[in-house]
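Enquirer: Mind looking over this structure? Questions follow.
The values are calculated or read from the model by the stated rules, or taken from the named source; none is laboratory data. None of the values given here were measured: they were computed from a predicted structure. In this analysis, Cβ positions are derived from the backbone assuming ideal geometry, glycine residues included, and neighbour counts consider all displayed protein chains.
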């Protein structure tokens with residue numbers, strides 16, 4: 001798994017590529033938490049993620065908590081159905097904002 | 001680098017002074033500390049009472065088989081390296097010494113520049129060896145610890161089976177790492193009420209296992225205080241949330257089999273839905289409000305759902321390791337195969353049904369390494385069918 005991080009229109013955009021399971025969760029955590037540091041607007045793009053396990057969900061939860069504490073927001077975008085079902089079945093869709101894509105997310109704060 | 005202890009065996013007393021003089025800077029600087037022996041007995045005695053990193057010996061000390069001694073030392077002190085000094089320049093003696101286990105050699109008369117380089121190089125090798133040894137010991141300690149944790153974890157599970165009053169359970173867990181984050185539980189709350197639990201902690205290894213232990217204990221304890229599963233989870237959740245700095249969480253289902261009412265009352269904290277299999281019908285997921293995993297937020301309100309047992313049916317609780325078991329190409333086992341096996345083996349007792357399921361997953365994975373714990377709990381409730389009296 002690799003993680004690409006960039007800044008677009010004032011939003012930190014994190015793009016994980018591959019599987020986020022317990023063997024890659026630590027690397028994912030390091031990248032995501034580094035990206036969340038000192039930022040208030042962060043989006044994680046999921047269209048290149050094949051699989052996310054509970055260890056990956058934990059990283060999302062930690063990033064969400066960190067951004068909320070900084071009075072910011074974490075948004076998940078471009079989520080394939082298969083990944084969305086993981087969020088839905090665990091109730092995570094209720095605590096983390098999910099947007100169809102980056103454009104729609106941008107409109108929400110413009 | 002710590003000070004390197006060098007033992008020099010030489011029957012010529014002048015050698016001592018020469019070494020002390022030539023290496024005085026490195027001795028003062030704490031790089032080397034030299035000790036001297038003039039005969040074999042003295043050497044053996046010194047080695048017994050003090051650890052040395054390097055042994056320097058003249059191959060031709062009076063009355064001693066130098067090569068034999070060096071090969072013996074190599075076996076006895078594998079972390080100590082020997083450097084031999086030969087006055088001959090005799091290539092055969094040196095070759096025999098090297099074959100016998102000497103690490104390096106110098107020729108008499110000693111060129112102390114060359115000798116110093118030889119010592120430095122040997123000291124470096126010894127240091128690397130010691131590091132490797134320490135790492136290997138640490139790894140072995142960690143591995144022992146994991147074994148203990150795995151045993152501890154296994155020992156807190158209630159065993160695999162339960163059979164009483166028409167209820168038959170078979171539960172099993174196959175951890176992916178040495179210590180897994182999945183657990184199951186079943187326990188009697190009264191003569192007619194049986195609690196069942198299936199849970200999956202985020203992550204693996206020792207931290208997940210610790211969190212699993214806490215969650216399991218809390219669920220069982222609170223189940224005795226709160227008779228409603230949802231109320232039990234409300235309290236487990238709040239307690240876990242308040243004592244959870246690492247943002248860990250656990251997805252779980254807790255149900256009570258009520259044998260008087262022939263019902264299952266259950267609540268779900270973000271866990272995969274229970275599967276119900278009735279003979280002759282496709283398996284069905286028991287949809288319910290999934291709540292949120294335990295330990296994430298203080299403000300979750302859990303709700304109870306009810307399922308009425310029908311004759312001949314069984315229920316399956318499981319963790320994501322089952323549908324998400326992957327083959328070498330990353331394809332997932334998925335619900336289609338899962339349901340298929342359940343339906344095909346619906347008439348088997350829970351133990352054999354579970355065996356058939358695990359076998360099917362193994363076959364599908366085809367040797368791909370298991371990335372998540374696989375845990376299942378199959379419950380059959382044999383209801384006596386009341387004859388229809390008209």
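Enquirer: Just the residues that are more than 30 Å from the chain's Cα centre (by Cα) and without any contact (Cβ under 8 Å) to a residue 40 or more places away in the chain, please, taken from the stretch B:338-375. Working first, answer last.
Expert: Taking the stretch B:338-375 first, the residues more than 30 Å from the chain's Cα centre (by Cα) are B:339-349.
Scanning the stretch B:338-375 gives B:340, B:341, B:344, B:345, B:348.
Enquirer: Another one. Looking only at the stretch B:234-248, which residues are within 12 Å of another protein chain (Cβ to nearest Cβ) and in contact with a strand residue (DSSP E or B) (Cβ under 7 Å, 6 or more places away or on another chain)?
Expert: B:237, B:248
Enquirer: Now for a separate question. Within the stretch B:39-63, can you find the residues that are within 9 Å of residue B:9 (Cβ to Cβ) and either under 38 Å from the mean Cα position of the chain (by Cα) or in a loop (DSSP other than H, G, I, E, B) (or both)?
Expert: If the condition is that a residue be within 9 Å of residue B:9 (Cβ to Cβ) and either under 38 Å from the mean Cα position of the chain (by Cα) or in a loop (DSSP other than H, G, I, E, B) (or both), then B:39, B:61 are the ones that fit.
Enquirer: Specify which of the listed residues (B:38, B:43) is at pLDDT below 90 and under 24 Å from residue B:69 (Cβ atoms).
Expert: B:38
Enquirer: Further question on the same structure: Can you give me the number of residues within the stretch B:254-283 that are in contact with a helix residue (DSSP H, G or I) (Cβ under 9 Å, 6 or more places away or on another chain) and either at pLDDT 90 or above or buried (at least 16 other Cβ atoms within 10 Å of the Cβ) (or both)?
Expert: 16
Quick grid of which residues meet (1) touching a helix residue (DSSP H, G or I) at 6+ places or on another chain (Cβ under 8 Å); (2) within 24 Å of residue B:250 (Cα to Cα); (3) crowded, with 22+ Cβ neighbours inside 10 Å:
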position	(1), (2), (3)
B:291	yes, yes, yes
B:294	yes, yes, yes
B:310	no, no, no
B:331	no, no, no
B:352	no, no, no
B:359	no, no, no
B:369	no, yes, no
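Here is a yes/no grid of residues against (1) modelled with pLDDT of 95 or more; (2) buried (at least 19 other Cβ atoms within 10 Å of the Cβ); (3) part of a loop (DSSP other than H, G, I, E, B):
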| position | (1), (2), (3) |
| --- | --- |
| B:178 | no, no, yes |
| B:191 | no, no, yes |
| B:199 | yes, yes, no |
| B:208 | no, yes, no |
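Enquirer: Of B:266, B:254, B:241, which residue is assigned to a helix (DSSP H, G or I) and either assigned by TED's automatic domain parsing to the domain that holds residue B:299 or in contact (Cβ under 8 Å) with a residue 60 or more places away in the chain (or both)?
Expert: B:241
Enquirer: Being more than 14 Å from chain B (Cβ to nearest Cβ), at pLDDT 90 or above and over 19 Å from residue B:203 (Cβ atoms), is that true of even one residue in the stretch A:48-68? First the steps, then the outcome.
Expert: Filtering the stretch A:48-68 down to residues more than 14 Å from chain B (Cβ to nearest Cβ) leaves none.
No; the residues of the stretch A:48-68 include none that is more than 14 Å from chain B (Cβ to nearest Cβ), at pLDDT 90 or above and over 19 Å from residue B:203 (Cβ atoms).
Enquirer: Please determine, by comparing only the residues of the stretch A:78-110 that are closer than 17 Å to residue A:50 by Cβ and surrounded by 15 or more Cβ atoms within 10 Å (Cβ to Cβ), which one is nearest to the other protein chains (Cβ to nearest Cβ). Reasoning before the result, please.
Expert: Residues of the stretch A:78-110 closer than 17 Å to residue A:50 by Cβ: A:78-87.
If we keep only those that are surrounded by 15 or more Cβ atoms within 10 Å (Cβ to Cβ) as well, we get A:78-79, A:83-84, A:86-87.
Numbers: A:78: 20, A:79: 17, A:83: 12, A:84: 13, A:86: 8, A:87: 10 Å.
Filtering the stretch A:78-110 for residues that are closer than 17 Å to residue A:50 by Cβ and surrounded by 15 or more Cβ atoms within 10 Å (Cβ to Cβ), the one nearest to the other protein chains (Cβ to nearest Cβ) comes out as A:86.
Enquirer: Using the structure shown, decide if residue B:215 is closer than 14 Å to residue B:253 by Cβ and touching a strand residue (DSSP E or B) at 6+ places or on another chain (Cβ under 7 Å).
Expert: Yes, satisfied.
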